[in-house]
Amino acid sequence: MTAVMREGEAVANTAAAEESIFRRNLHSFAENRLALGSAIVVLLFVLMAIFAPLIAPHDPAETDLFRRLQPPAWMPGGEWSYLLGCDALGRDILSRIIYGARISIFIGAAVVMVATTIGIMAGLAAGYFRGWVDVLISRVVDILLGFPYLIFAIGLMAMMGPGLINIILALVYKEWVIPCRVVRGETLVTRELEYVEAARALGASGKHIMLREILPNILSPVIVVSTIRMAHVIILEASLSFLGLGVQPPTASWGAMVADGRAFILQAWWVSTFPGVAILLLVLAINVASQGLRDAFDPRFHE
Amino acid sequence: MSLARFIERLLQLIPVLLGVSAIVFVMITLTPGDPVEIMIGDQIVTPEQEEALRRDLGLDRPMLERFGLFLGNAVQGDFGESFYHRRPVAEVIAERLPATIELSLVALLVALFTAIPLGVLAAIKKNSIFDRMATVGSLLGVSLPGFWFGILLLMLFAVHLQILPVSGRIGFSSEIEPITHFLLIDTLLRGRPDAFLDALSHIILPAITLGLPMTAILMRVTRTSMLEVLRQDYITFAEAKGLSRHRILWRHALKNALIPTVSVAAIETGSLLGGNMIVETVFGWPGLGRLVVESIFVRNYPLVQAAVLFYAVTYVLLNFIADILYTVLNPRVKL
């Protein structure tokens, strides 16, 4: 009985310690100015996407034949109300970039969230039950890892046809493998720890042990990995759109905007250039912020 | 590594390759749109002719039988006929393959020859301005969308400075009778240095674009492993023996520091495959990647199917080689 009490206290103490470690990690992340700055940039992009209709100076789909390939404001022939110029149909590039953020961020977030949820469930099951469950899941993972990512996504998009939901599905089908591997590895180690043993001895169910005992303790590396993956997914979506397999026109998406400008690189460099800058800024900010997160939250990087 | 272990690893590839083929098969079978109707297009045919065509293509058989047939044929290199070219798929792919392989190899070389020196320098001059710039550079390298970077390079070097060509593999006047189908080699074999330079000027921008993410990753890996090695006792010992710093760095340290670089390079070579589709599209490079992208839009199923399978099998094999290479180079690791 006392042993159990102590066990309970120990668990409570670890929980308190976890809490303070979390705070300390958050603090050390906040002290990393570059990472914090990048996180703010990401946040600004998110706000831009949410409030696109309020921020965008023009309707992103509105064409104006008199403004075809109009240069940016600071060049001869530019207008300040069309800051970054216009594309071949006379649509305002800035407004299209602001609306395009919706597609990139929505797809990036949706893919990573769905994939991480699936990956956590599959990884926990494989690592906790081991045996045939693990063999089955690991086989599927191995097979999916046998495809280069972009080729897999292109093949699926060719099959399913373009469209928002299809892009998300095409990317999720492969993306879940990455969190799954992380979770499986962590679970294999964690399930052998004493506190899990104790919970099992106390008669806790498998579901309880996986979700309440193991999951909270392996969540940090999973979150770090998913933030890094978000940058990859955004580039993948842009690549699919660039190839014409993404969201269909007239919906603005950054990859497709770059592709549209390809035909005009001789006379209108701005059509391709600015949407690319938007992709680069967002992806770079996510990468720097997630590296900061990793340094702060993953104990293996604490020196 | 023992031979038995090697064979065991080799056998483990079989279920993966089977699974990969099954996924490719299902992917294409479930594709909407009737390939027969697409082939017929605007031509006027009788229902009997349509039925005959369907039978010819084996589209009337049950799914499992078609998968069996597909596998059996695939092993023999028979992927059916390209709907679009009206020629065997394997032939069309083989025709486009040298361009893709040549581009990938040059990209790999570009990546290795920039990443290794830069990574070593960054490690030697740790925390210097150069090291910081290298860090920023590698971060940019993994964050740049390849298709956009390629277009920027085109705008700068082909449109603005006009020193490099916009697209293609070689200029019209430099075309030569192929021997190996690798233009950089063929032009030299034919004794045409002018054509060699022409081919080189065509390949340089696509190769840089394709190799950029790999360069960024390899530079980080080289820097990290070089720092690791420089901390080892044997380096301190070599310094104590009075060996010159130059000799220590390039003879003793680099040799060991390159083990992770080579392994990662082998793994990343697989990722060049995906990049090919993008880069070949941007630069009008007549390789397999562009062919696949074009085939998707004309619904040329057999070709897409064969190409995706080909890419996946190559990718699996490259990763297998990377694994073996890592064990051979690093005897401490047991597979």
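Among what's in region B:123-154 and is free of Cβ contacts under 8 Å to residues at least 12 places away in the same chain, part of a loop (DSSP other than H, G, I, E, B) and out of contact with any Gly (no Cβ under 8 Å at 6 or more places or on another chain), pick the residue that is nearest to the other protein chains (Cβ to nearest Cβ).
B:Asn127
Select, from A:Ala263, A:Ala204, the only residue that is open to solvent by 10 Å² or more (accessible area, probe 1.4 Å) and closer than 21 Å to B:Val293 by Cα.
It is A:Ala263.
Among the residues of region B:130-156, how many are closer than 18 Å to B:Gly275 by Cα and open to solvent by 40 Å² or more (accessible area, probe 1.4 Å)?
Here the count works out to 3.
Tally time: how many residues in region A:140-160 are facing chain B (nearest Cβ under 7 Å), open to solvent by less than 20 Å² (accessible area, probe 1.4 Å) and either without any contact (Cβ under 8 Å) to a residue 40 or more places away in the chain or charged (D, E, K, R) (or both)?
Selection size over region A:140-160: 6.
Just wondering, is there one or more residues in region B:241-258 that are in a helix (DSSP H, G or I), modelled with pLDDT of 80 or more and within 23 Å of the chain's Cα centre (by Cα)?
yes
Quick check on A:Leu236: is it at negative phi, more than 7 Å from chain B (Cβ to nearest Cβ), within 21 Å of the chain's Cα centre (by Cα) and open to solvent by less than 50 Å² (accessible area, probe 1.4 Å)?
yes
Of all the residues that make up region B:100-126, how many are out of contact with any Ser or Thr (no Cβ under 9 Å at 6 or more places or on another chain) and of a type in the set (Ser, Thr, Tyr)?
Counting residues in region B:100-126 that are out of contact with any Ser or Thr (no Cβ under 9 Å at 6 or more places or on another chain) and of a type in the set (Ser, Thr, Tyr) gives 1.
Kindly indicate whether any position in region A:74-84 is of a type in the set (Gly, Ala, Ser) and part of a loop (DSSP other than H, G, I, E, B).
The answer is yes; a qualifying residue exists.
For the structure I just gave you, tell me whether A:Ala296 is more than 9 Å from chain B (Cβ to nearest Cβ), part of a helix (DSSP H, G or I) and touching a residue at least 40 places away in the same chain (Cβ under 8 Å).
Yes: the conditions hold for A:Ala296.
A quick yes/no check of all residues on (1) over 23 Å from B:Val262 (Cβ atoms); (2) buried (at least 19 other Cβ atoms within 10 Å of the Cβ); (3) within 9 Å of another protein chain (Cβ to nearest Cβ); (4) touching a Pro at 6+ places or on another chain (Cβ under 8 Å):
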position: B:Val279; (1), (2), (3), (4): yes, yes, no, yes
position: B:Leu291; (1), (2), (3), (4): yes, yes, no, no
position: B:Val308; (1), (2), (3), (4): yes, yes, yes, no
position: B:Leu329; (1), (2), (3), (4): no, no, no, no
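Out of the residues in region B:172-184 meeting the condition of being aliphatic (A, V, I, L, M) and buried (at least 16 other Cβ atoms within 10 Å of the Cβ), tell me which one is nearest to B:Leu288 (Cα to Cα).
Applying the filter and picking the extreme gives B:Leu183.
Among residues belonging to region A:265-288 that are under 23 Å from B:His160 (Cα atoms) and of a type outside the set (A, V, I, L, M), point out the one that is nearest to the other protein chains (Cβ to nearest Cβ).
The extreme case among them is A:Gly276.
Given the structure, is B:Ala265 of a type in the set (A, V, I, L, M, F, W, C), modelled with pLDDT of 85 or more and within 26 Å of B:Glu8 (Cβ to Cβ)?
yes
Taking A:Thr187 and the conditions (1) within 14 Å of A:Met121 (Cα to Cα); (2) free of Cβ contacts under 8 Å to residues at least 40 places away in the same chain; (3) hydroxyl-bearing (Ser, Thr, Tyr), which numbered condition does it fall short on, given that it satisfies the others?
Against the list (1) within 14 Å of A:Met121 (Cα to Cα); (2) free of Cβ contacts under 8 Å to residues at least 40 places away in the same chain; (3) hydroxyl-bearing (Ser, Thr, Tyr), A:Thr187 comes up short only on (2).
Could you please give the count of residues in region A:241-260 that are more than 10 Å from chain B (Cβ to nearest Cβ) and either open to solvent by 40 Å² or more (accessible area, probe 1.4 Å) or farther than 17 Å from A:Leu281 by Cβ (or both)?
8
Every residue, every condition in (1) open to solvent by 50 Å² or more (accessible area, probe 1.4 Å); (2) in the same structural domain as B:Pro286 (by TED's automatic domain parsing); (3) among the hydrophobic types (A, V, I, L, M, F, W, C), yes or no:
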{"site": "B:Arg55", "(1), (2), (3)": "yes, no, no"}
{"site": "B:Gly58", "(1), (2), (3)": "no, no, no"}
{"site": "B:Pro62", "(1), (2), (3)": "yes, no, no"}
{"site": "B:Arg66", "(1), (2), (3)": "yes, no, no"}
{"site": "B:Leu69", "(1), (2), (3)": "yes, no, yes"}
{"site": "B:Glu81", "(1), (2), (3)": "yes, no, no"}
{"site": "B:Arg86", "(1), (2), (3)": "yes, no, no"}
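Of all residues in region B:109-122, which are surrounded by fewer than 21 Cβ atoms within 10 Å (Cβ to Cβ) and either touching a Gly at 6+ places or on another chain (Cβ under 6 Å) or within 30 Å of B:Pro302 (Cβ to Cβ) (or both)?
Correct list: B:Val110 only.
The values are calculated or read from the model by the stated rules, or taken from the named source; none is laboratory data. The model shown is predicted, which means the values in this text are computed figures rather than measured ones. Positions of Cβ are generated from backbone atoms using ideal geometry, with glycine treated the same way; all protein chains shown enter the neighbour counts. These accessible areas exclude ligands, DNA and RNA; they are computed on the full protein's heavy atoms, side chains included. Shrake-Rupley method; radii C 1.70, N 1.55, O 1.52, S 1.80 Å.
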